[in-house]
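The values are calculated or read from the model by the stated rules, or taken from the named source; none is laboratory data. Every value quoted in this text rests on a predicted model; they were computed, and no experiment measured them. These accessible areas exclude ligands, DNA and RNA; they are computed on the full protein's heavy atoms, side chains included. Shrake-Rupley method; radii C 1.70, N 1.55, O 1.52, S 1.80 Å.
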Amino acid sequence: MNHQLYKNWIFAESDLSGEQLQELEKHLYTCDDCQQLRQDLRLATGLLRAAPMSTPIPGFTQRWQASLVERRVATQRRQVRRLFIALAGAAILLLLLFALHILATSTPVEWLVAAFQSTFSLFTTWIKVQDFILELVSFIPPVVPIALWVLITSGLSFLTLIWIISLWRISSKGTSNNESQN
Amino acid sequence: MSNPEVEWLQRAQHGDEEAFTNLVETYQTPVYNLCYRMLGGPQEAEDAAQETFWRAYQAIRRYDLQRSFITWLLSIAAHYCIDQQRRRRLPTFTIDLLPEESAPDPAPDPEFVVSRSEEEKILHQILNTMSPQDRAAMIMRYWYNFSDEEIGKALNLSISAVKSRMHRARHVLAERWKSVQPQSSNPERRNHESPAV
């Protein structure tokens, strides 16, 4: 007797035709093994159907709301990080292209000469700027300098501080616009 | 889907966070239950359910309102749990950990609690022997009454593949039942059993 066929029918559940069901019932009447198999399956599926839904501990929605804020901040940080990485990558690529261009269009002796000329030019410019500032200072009345210098230095320090804080805030938390949308 | 749900879905698709929170409130139990049955531990289920809602939140604009929302949501949950299972490649059921909220009755009969706990252990043991996809299919069929077609849509399977998986899973179910049933055989439990298929 082909028990495998009947076993397959038992597992096929509701996909059997009327004739197949009749034949299966006939077989089960005479076969204890298959009868036992169907009984086991029925008890097991009954257990599955009777099992209650597991529920989360109270406050799931509040935890969801809290996690939503955290996930958004994390997403924004990732986006800002990606942006910085992309910008840094682009800068490195440009530098590489520039280096390749120099390598392709000039010789090492020419680089040395150009580097020397640039350094010399920078140095002379720096000396000129120093002379200009000293000349400018010599024209300012003697009472003004201390107060003026304190004011200018404080102003520049303050602006630099604001600039650094803004950069830090953008890199760590995203823009204020995005935050206000949260 | 009821009318308020359709409205919540439409509002959520336009970025209304409160509307999506209402959906979380409504569907937290079915999502959590699927994750719990798939992963076995309350904490893992909580994390998976939260992740499911986050993924749904991110993809809500792409959700087709003609589709069943619960099928779509459980599909996300099932795929996430299947991925988690594959990453671990280890049996994950912690059969001694059961959430207290599993028993719906606030003052249940102690004998019922014991028998329910035993049943939960047997369920975990049986489900744990199945592959993640077979397990997801069985959970969808027996906890959510999903048809083969709905299971196929949720798990991205053809109907014949679903039938094949259900066939194999029922085979495992009957075999495992035979092996665990003698130790857990309990007349009280049978009194609470649902009618046979």
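Kindly write out, for the stretch A:57-68 in residue order, the coupling ³J(HN,Hα) from the Karplus curve 6.51 cos²θ - 1.76 cosθ + 1.60 (θ = phi - 60°), rounded to whole Hz, with x marking Gly and Pro.
5, x, x, 4, 5, 5, 5, 4, 4, 5, 5, 4
If you plug each phi of the stretch A:39-54 into the Karplus form 6.51 cos²θ - 1.76 cosθ + 1.60 with θ = phi - 60°, what whole-Hz ³J(HN,Hα) values come out, in order, with x for Gly and Pro?
4, 4, 5, 5, 5, 5, 5, x, 5, 4, 5, 7, 5, x, 5, 7
Quick one: what are the phi-derived ³J(HN,Hα) couplings along the stretch A:149-154, Karplus 6.51/-1.76/1.60 with θ = phi - 60°, whole Hz, x for glycine and proline?
Here the 3J(HN,Hα) series is 5, 4, 5, 5, 4, 4 Hz.
Is it possible to state the helix-based mean residue ellipticity at 222 nm for chain A, with each DSSP H run of 4+ residues giving -39500 (n - 2.57), the sum divided by total residues, to the nearest 500 deg cm²/dmol? What is it?
Details: 7 runs with 155 residues, N = 182.
Per the formula, -29500 deg cm²/dmol.
Keeping all protein chains in position, work out how much accessible area B:TYR57 exposes to a 1.4 Å probe, and write it in Å² to the nearest 10.
Ignoring ligands and nucleic acids, B:TYR57 comes out at about 50 Å².
Keeping all protein chains in place and using 1.4 angstrom, which order do A:ASP33, B:ASP148, B:ASP16 fall into by accessible surface area, from largest down?
On the way: A:ASP33 115, B:ASP148 30, B:ASP16 50 Å².
Ranking A:ASP33, B:ASP148, B:ASP16 by accessible area, largest first, yields A:ASP33, B:ASP16, B:ASP148.
Beyond 20 Å, what share of the Cα-Cα pairs of the stretch B:1-92 remains, rounded to the nearest whole percent? Could you put the intermediate results ahead of the total?
Details: 1402 of 4186 pairs.
Cα-Cα pairs in the stretch B:1-92 separated by more than 20 Å: 33 percent.
Could you put A:ARG77, B:ARG87 in order of accessible surface area, largest first, with the 1.4 Å probe and the full protein assembly present? Before the final figure, lay out the partial values.
On the way: A:ARG77 100, B:ARG87 175 Å².
The ordering from most to least exposed comes out as B:ARG87, A:ARG77.
Accessible area per residue, 1.4 Å probe, Å², for chain A: what's the number? Kindly include the intermediate steps, with their values, before the conclusion.
Details: 13450 Å² over 182 residues.
Normalised by residue count, the accessible surface of chain A is 74 Å².
Kirkwood Rh over Cα pairs of the stretch A:1-65 into Stokes-Einstein at 37 °C, 0.692 mPa s: D in µm²/s? Let's see the in-between values first.
Numbers: Rh = 14.5 Å.
The calculation lands on 227 µm²/s.
Whole Å is fine, so just give me how far the alpha carbon centre of the stretch B:45-73 lies from that of the stretch A:1-27.
39 Å
Computed from the mean reciprocal separation of all distinct C-alpha pairs, what Kirkwood hydrodynamic radius does the stretch B:131-176 have, in Å? Let's see the in-between values first.
Working: mean 1/r = 0.0980 Å⁻¹.
After inverting the pairwise mean of 1/r, the radius is 10.2 Å.
For the stretch A:52-177, what does the convex hull of the Cα positions come to per residue, in cubic angstrom?
Details: hull volume 26.9 nm³, N = 126.
Once divided by residue count, the hull of the stretch A:52-177 is 213 Å³.
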